Amino acid sequence: MTGSIEAEAARLRQLGESRPRPARDPVNEPMINNWTEALGDRNPVYPELAPPAMVQVWTMYGLNGVRDADDPLGAMTKVLDDAGFTSVVATNCEQTYHRYLKPGERLAVTTRLSDVVGPKRTALGEGWFVTTLSTWYVGDEPVAEMMFRVLKFAPPEPTGSVIRPLVNQDTEFFWAGTAERELRIQRCPDCRALRHPPGPFCPRCGSATPDYVVSPGRGEVFSYVVHHHPPVPGKRLPIVIALVELEEGVRMLGELLDVSPDDVRIGQPVTVDWSRVDSDLTLPVWRAVP
Amino acid sequence: MTRLPELAIDTTATFVVSTALATRDFQDVHHDRDAAVARGSRDIFLNILTTTGLVQRFVTDWAGPRALVRNVSVRLGVPCYAGDTLVFTGTAKPDGQDTVVDVVGKCSLGDHVTGTVRVSLP
């Protein structure tokens, strides 16, 4: 897939500039006035001159516009849509103005594909950066240029899906416990040592027949992190992940709810609570003891 | 280096819609809240042509009507949703014959836009 995207990008780049596409209207005072009124721009040189940043406005496709067949951004968008990179966000825009435009001037724009870079992992999802270069002309005179870059990305999975714990024969008893809202700590039946996270052998005596006890789930914050990035499916960031030392002496990780990142402190007393994700998964979480 | 006077814009729903239409950008995410939410946004949000225009306005408000804008270069960050406030700050320094202004536009979610504007002052 990466190869075919790159091949299509190379082909479109080879095509060079699209044919000049004329603006619907000449540069005109009513549209300048609409623009300055909406943006609150009181520069008195307008509307005798057009605001330079309006250059792109004159050649927008409009409400019912259809992209030209040789518009490279349209062609590249289709290739990336078909490859699953269906979302788009603009990331950069650089405009250079050679001179100011006056009402009555007629613009036309050409566009060529500059480059297509990817696939890149971004905060929004995996995607490709597509850069185009446009030039606006009055007759044969180039009056403005623009570099425009968009990220075409594959939207992440819908929110609500969560990262599920790996359940194996060592940890099955723990997750069976959370489903019943029981916090189970592994215990060695031979030497009585408690341990967490669960494992197949007792690190103290080597016994391979673990048992467990049920904890009332009281403890205090031993350490914590505030997670800002990367995004976590189904979570609004930031979240606090606390390593809690239980009264029994073992330490256990979980999300600390209802405490803002600025208010967490080491030694803060917490108690276990339960976050039911679905019929198969309930996660232990921590809540501050008031 | 010169610090520019701050410019604060209330990006009301009316502002988002009227600027989108004044820039002839009819993408639904800039005027139709239901459509914006269905596409995963919190609300309608500012379009890029408006952001570019506001960056230019921020600089010419300070530089005056005789300044000529040569270049506006922006990098986009977080979206600026309806109901937010967008605050522009910037510093200007000479660069050859021109003046280059570093601009930051912040909204409640963080940096909406960072960029530079090159102007020729009279």
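The values are calculated or read from the model by the stated rules, or taken from the named source; none is laboratory data. This is a predicted model, so every value here is computed, not measured. Heads up, the Cβs are rebuilt from the backbone with ideal geometry, glycines too, and the neighbour counts pull from every protein chain shown. Protein only, heavy atoms only, side chains kept; ligands, DNA and RNA dropped before computing areas. Shrake-Rupley method; radii C 1.70, N 1.55, O 1.52, S 1.80 Å.
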Sole miss for residue A:99 among (1) in a loop (DSSP other than H, G, I, E, B); (2) more than 13 Å from chain B (Cβ to nearest Cβ) is condition (2)
Would you please name the residue that is most open to solvent (accessible area, probe 1.4 Å), looking only at residues in segment B:11-31 that are within 15 Å of the chain's Cα centre (by Cα) and at the interface with chain A (Cβ under 8 Å from one of its Cβ atoms)? B:18
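Does segment A:21-65 hold any residues that are hydroxyl-bearing (Ser, Thr, Tyr) and closer than 27 Å to residue A:112 by Cβ, and which are they? Please lay out each step first, then the result.
Initial filter on segment A:21-65 (hydroxyl-bearing (Ser, Thr, Tyr)): A:36, A:46, A:59, A:61.
Matches in segment A:21-65: A:59, A:61.
Looking only at segment B:42-54, how many residues end up being part of a helix (DSSP H, G or I) and open to solvent by less than 20 Å² (accessible area, probe 1.4 Å)? Steps first, please.
Step one: filter segment B:42-54 for residues part of a helix (DSSP H, G or I), giving B:48-54.
Now restrict to residues that are open to solvent by less than 20 Å² (accessible area, probe 1.4 Å): B:49-54.
Residues meeting the conditions: 6.
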Search segment A:155-176 for residues being modelled with pLDDT of 90 or more, part of a loop (DSSP other than H, G, I, E, B) and of a type outside the set (Val, Ile, Thr), and hand back the single one that is nearest to residue A:201 (Cα to Cα). A:170
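Looking for whichever is part of a loop (DSSP other than H, G, I, E, B) and open to solvent by 10 Å² or more (accessible area, probe 1.4 Å) here; the options are A:48, A:6, A:94. Which one fits? Write out each step before concluding.
Values: A:6 fails: part of a loop (DSSP other than H, G, I, E, B); A:94 fails: part of a loop (DSSP other than H, G, I, E, B).
The match here is A:48.
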Among the candidates B:39, B:70, B:57, residue that is open to solvent by 60 Å² or more (accessible area, probe 1.4 Å) and either among the aliphatic types (A, V, I, L, M) or touching a residue at least 24 places away in the same chain (Cβ under 8 Å) (or both): B:70
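Quick test for you: out of A:108, A:75, A:83, pick the one residue that is crowded, with 19+ Cβ neighbours inside 10 Å, more than 14 Å from chain B (Cβ to nearest Cβ) and touching a residue at least 60 places away in the same chain (Cβ under 8 Å). If you could, list the steps in order and put the result at the bottom.
On the way: A:108 fails: crowded, with 19+ Cβ neighbours inside 10 Å; A:83 fails: crowded, with 19+ Cβ neighbours inside 10 Å.
Of the residues listed, the single one that is crowded, with 19+ Cβ neighbours inside 10 Å, more than 14 Å from chain B (Cβ to nearest Cβ) and touching a residue at least 60 places away in the same chain (Cβ under 8 Å) is A:75.
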When only residues in segment A:51-72 that are touching a strand residue (DSSP E or B) at 6+ places or on another chain (Cβ under 7 Å) and crowded, with 19+ Cβ neighbours inside 10 Å count, which is farthest from the other protein chains (Cβ to nearest Cβ)? A:72
